[in-house]
Amino acid sequence: MDKDYLNILVFGHTPFGVRRLRIKKETFRMGVCLLVFLQLFVTFFLCDYIQVRKKTLLLAQLRQESQIQKSDIKLFSARIEELEKKLSRLKTIDQRIRIIANLERDQEALPFIGMGGSSSTTIAEKLKSRKDGQ
């Protein structure tokens, strides 16, 4: 019958002397199993908590980057709208200048209009005749 129990002696500085604890082996085994299970349970939830915190930090970082990108996109779209306004203003100015100068858009612009000298076809013929002559 004494083999079914574990005897634990506790020595203290109290005037009561030595204390004696008797625990059944089966109860001790169940207590150890319960402590091991509790330790595994705490470890699992601690690891899970750490992973959740990492994901939360990553999510916060991604949200911040998203906000920065949204503000950049708004800035770029505002600049594009500004450039479109300037281009439309330049187009109207170009149309006014063409109307004032009596130029039409469909005409091919001739280089060096009003400058004297030979036309480009005559110059090309002269160069060709020099090559043939040499």
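Numbers below:
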read-out: For the range 73-89, 3J(HN,Hα) per residue [Karplus equation, 6.51 cos²θ - 1.76 cosθ + 1.60, θ = phi - 60°, Hz, x = Gly/Pro]; value: 5, 4, 5, 5, 5, 5, 5, 5, 4, 4, 5, 4, 5, 5, 5, 5, 5
read-out: For L6, residues with placed amide H under 5 Å, excluding near neighbours; value: I23, K24, K25
read-out: Over the range 2-104: Rg over Rh, Cα atoms, Kirkwood Rh; value: 1.78
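Values quoted throughout were computed directly from the atomic coordinates according to the rules given, and no laboratory measurement underlies them. A quick note: this is a predicted structure, and the numbers were derived from the prediction, not measured.
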